[in-house]
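Visitor: The structure's right below; bear with me while I get my questions together.
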Amino acid sequence: MIRALIVDDHPLVREGLARLLAGQGISVVGLAVDGEEGIRLAQSEGPDLVLWDLAMPGGGLAGLARLKEAAPQSRVLAVTALDDPWLGREAARAGADGFLSKAASPDELRGAIEDCLRGRGPFPAACDLSPREEEVFRLLAAGLPNREVARALGISVKTVESHLEGLKAKLGCRTTAELRARALQRGG
């Protein structure tokens, strides 16, 4: 029987996932409310699988990397409400074995779990950002305004604005404010 740990700061999500997994014959060995508790439970319970929320206290990408160090035997399915394919790539870099949107269906969850346990978990197609777009996005994440980004990269403000338009299109942001909020949320 598959043994799973659910780490999410929202009670409704934790309990809902626990019931869903139990109905699929998966034993839930623990429910954690934040990353710190999740890491402790992963060490003590040794689950086969950890469902890890990417937007919770003590969690995120940094917490995911710590989880993989603390419980390397556990497969980790990163779960998020953020519709951001680039976040999937970052989760993989941090050690996730799979990545799934909270908008997924129960069947998609089951498939993702099976794939994750086989070592070939699902990840969204990577966003193909150019090296310059990566630099611009990193500087946005550091909180720099357009003029500072331009100065740091030795390009014009107009060129920065052009890169922002490309980033918005590739990352599914409607406005520059939304793009900046996403960059700041992710951090540099």
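Visitor: Within segment 66-85, take every residue that is surrounded by fewer than 21 Cβ atoms within 10 Å (Cβ to Cβ) and either in contact with a His (Cβ under 8 Å, 6 or more places away or on another chain) or hydrophobic (A, V, I, L, M, F, W, C) (or both) and give me the one that is nearest to residue 39 (Cα to Cα).
Guide: 70
Visitor: Find all pairs meeting these conditions: Cβ atoms under 6 angstrom apart; at least six residues apart or on different chains; first residue within segment 114-130 and within 22 Å of residue 1 (Cβ to Cβ); second residue modelled with pLDDT of 70 or more and among the small types (Gly, Ala, Ser).
Guide: Qualifying pairs under 6 Å: 115/121; 116/98; 121/98.
Visitor: Hey, another quick one. Select from segment 1-10 the residues that are β-branched (Val, Ile, Thr) and either assigned to a helix (DSSP H, G or I) or over 22 Å from residue 81 (Cα atoms) (or both) and list them in ascending order.
Guide: 2
Visitor: Something else now. Going through segment 55-74 one residue at a time, which ones are in contact with a helix residue (DSSP H, G or I) (Cβ under 6 Å, 6 or more places away or on another chain) and in a loop (DSSP other than H, G, I, E, B)?
Guide: 58, 59, 71, 74
Visitor: Being assigned to a helix (DSSP H, G or I), closer than 12 Å to residue 53 by Cβ and charged (D, E, K, R) is the filter here; which residues of segment 11-36 pass it?
Guide: Once the filter is applied, which keeps residues that are assigned to a helix (DSSP H, G or I), closer than 12 Å to residue 53 by Cβ and charged (D, E, K, R), segment 11-36 yields only 14.
Yes/no matrix, rows are residues, columns are (1) assigned to a helix (DSSP H, G or I); (2) at pLDDT 90 or above; (3) assigned by TED's automatic domain parsing to the domain that holds residue 55:
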position	(1), (2), (3)
92	yes, no, yes
126	no, no, no
140	yes, no, no
158	yes, yes, no
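Visitor: Considering segment 41-69 alone, what residues qualify as being at pLDDT 95 or above and more than 14 Å from the chain's Cα centre (by Cα)?
Guide: Within segment 41-69, 41, 42, 43, 44, 45, 46, 47, 48, 49 meet the criteria.
Visitor: Quick check on residue 74: is it among the small types (Gly, Ala, Ser) and over 19 Å from the mean Cα position of the chain (by Cα)?
Guide: Answer is no for this residue.
Visitor: Out of the residues in segment 138-179 that are in contact with a helix residue (DSSP H, G or I) (Cβ under 9 Å, 6 or more places away or on another chain), among the hydrophobic types (A, V, I, L, M, F, W, C) and free of Cβ contacts under 8 Å to residues at least 24 places away in the same chain, which is surrounded by the most Cβ atoms within 10 Å (Cβ to Cβ)?
Guide: So the residue we want is 149.
The values are calculated or read from the model by the stated rules, or taken from the named source; none is laboratory data. None of the values given here were measured: they were computed from a predicted structure. Because the Cβ atoms are built from the backbone with ideal geometry, glycine has one as well, and the counts that use them run over all protein chains shown.
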